[in-house]
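So the structure is just underneath, and the comments pick up after that.
The values are calculated or read from the model by the stated rules, or taken from the named source; none is laboratory data. This structure is a prediction, so every number in the text was calculated from the model and none was measured. A quick note on method: Cβ atoms are made from the backbone with ideal geometry, for glycine too, and the neighbour counts reach across all protein chains shown. These accessible areas exclude ligands, DNA and RNA; they are computed on the full protein's heavy atoms, side chains included. Shrake-Rupley method; radii C 1.70, N 1.55, O 1.52, S 1.80 Å.
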Amino acid sequence: MKLYQLTKKPMPDYASAKTKRQKQRAAGLHPDYWYPALWSHELAKGEVKEVTFWKQSFALFRGEDGRVRALENRCAHRQLKLSLGVVDGCALTCGYHGWTFGEDGKCSKISHSLFGHKMPNAQVKAFAVEEKYGLIFFCPGDAEKAKLHPIPEIPEWAETSGWGRIPVDFTWPAHHSIIIDNTCDFTHAYLHRNKRPFTYAELKRMTTEGDSVVLEYDTKVGDTPLQRMFISKKTNTNAMTLGYHYPYQWSSTDEKIKHWCFVLPIDERTTRAFFLFYFSPEMLKVPGLPIGVPPKAIGAVMAFAKKVFVEPLLAEDGVAVKAEQEGYEDHWEKPVPDLNPVLYAFMNLTIRKWDEYLADDDAAQATERSEAASAE
Ligand code: FES
Ligand SMILES: [Fe+2]
């Protein structure tokens, strides 16, 4: 018998992709948006770290004043990574010959003799940074354009709100679209058949508007006795609304159980996903008693829920998205007969936004070429 055919050819890139699915799985995310780079606590004062967005390297550093800056990760002298350098006040000094770059990316100081020369006009690109919700966000593209779609407002995340909060992240060996698909496509209830975070899902409505897709499912949320022990009966756990608000994903159960997922697309097969889960004090109850969780105990309940529910649940998704990426790379030519219309709406949005980026990029390169030609 012949072995069934394994596709040995490498998966196609965006330009050579023949089907929408192949395009989706090769598409990047539009850089003129805000993306999570690191948790705030991962970058101390005076520290620099490398962060990769879609195969491009950035040096993020926190100055002595506590503010984070982002620069292109190359020294304008001999192109060493600036992330190998040292934070110097509120600037970054390359580790080799000691050229210092300010937050605007301009070389402001050189540690050695200039040999009678003027200061060279050395410059790297600088990128906008914002810290919110315990995350460092940066815009790897044009920050002026990113102003059109700011980081979502999450008033519930404020410490004073009284909401329970669970921040958690995973670096998964999968394309970002595989992760966004996973978080919104409830046909994968089977994967979680023991943990039962959502069961018997029926898609009631899907609305596509601009760069957002909103889904309403009828489903049973938190469908095990253990989960029920913590959820007040006043919470409607028979429905969930989810959205793909490009390039982010969110959900809401009765406005009381919510989350956002912010992804950092590292390359075609690696994504770091940062999740913020948050829970209204109205939905949390003391197990066995018809009373709410006292504000002082919410932190402990969240720590428990993170270890017992959230991390083990997402670990199941991690296994699945990794396996889906591997399956795609082996069999990318095979058709994928998905039944949930949600997946096609997401596919179209991801492709449309990447096409928009590529068209903008082509136009920007053509302008650069004609400016260079007229300067000659
Ligand atoms: S390579 Fe960076 S200072 Fe020389
Ligand atoms: Fe899942």
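Hey, could you check segment 176-210 for residues that are among the charged types (D, E, K, R) and within 16 Å of VAL310 (Cα to Cα) and say which is nearest to ligand 1 (Cβ to nearest atom)?
LYS195
Only one residue in PHE275, PHE309 is within 21 Å of the chain's Cα centre (by Cα) and surrounded by 15 or more Cβ atoms within 10 Å (Cβ to Cβ), so which one is that?
PHE275
Select from segment 213-232 the residues that are of a type outside the set (Phe, Trp, Tyr) and more than 30 Å from ILE351 (Cβ to Cβ) and list them in ascending order.
LYS220, VAL221, GLY222, ASP223, THR224, PRO225, LEU226, GLN227, ARG228, MET229, ILE231, SER232
Quickly run through segment 135-166 and pick out the residues that are open to solvent by less than 40 Å² (accessible area, probe 1.4 Å) and under 20 Å from VAL51 (Cβ atoms).
Answer for segment 135-166, where residues must be open to solvent by less than 40 Å² (accessible area, probe 1.4 Å) and under 20 Å from VAL51 (Cβ atoms): LEU135, ILE136, PHE137, PHE138, CYS139, PRO140, GLY141, ALA143, ALA146, ILE151.
If we scan segment 194-206, do we find a residue that is touching a helix residue (DSSP H, G or I) at 6+ places or on another chain (Cβ under 6 Å) and farther than 15 Å from MET240 by Cα?
yes
List every residue pair whose Cβ atoms lie under 6 Å apart, where the two residues are 6 or more positions apart in sequence or sit on different chains, the first residue falls within segment 211-229 and is in contact (Cβ under 8 Å) with a residue 12 or more places away in the chain, and the second residue, located anywhere, is basic (Lys, Arg) and surrounded by fewer than 14 Cβ atoms within 10 Å (Cβ to Cβ).
Final answer for the pair search is GLU216/LYS204; GLU216/ARG205; ASP218/LYS204.
Being part of a helix (DSSP H, G or I), out of contact with any Ser or Thr (no Cβ under 9 Å at 6 or more places or on another chain) and not polar (S, T, N, Q) is the filter here, so list the residues in segment 166-217 that pass it.
ASP181, HIS188, TYR190
For (1) open to solvent by less than 40 Å² (accessible area, probe 1.4 Å); (2) assigned by TED's automatic domain parsing to the domain that holds ASP142; (3) not in a loop (DSSP other than H, G, I, E, B), each residue gets a yes or a no:
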residue	(1), (2), (3)
LEU3	no, no, no
ASP13	no, no, no
ALA17	yes, no, no
GLY28	yes, no, no
ASP65	no, yes, no
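Scanning for something in a helix (DSSP H, G or I) and surrounded by fewer than 18 Cβ atoms within 10 Å (Cβ to Cβ), does segment 75-89 turn up at least one residue?
Taking every residue of segment 75-89 in turn, at least one turns out to be in a helix (DSSP H, G or I) and surrounded by fewer than 18 Cβ atoms within 10 Å (Cβ to Cβ).
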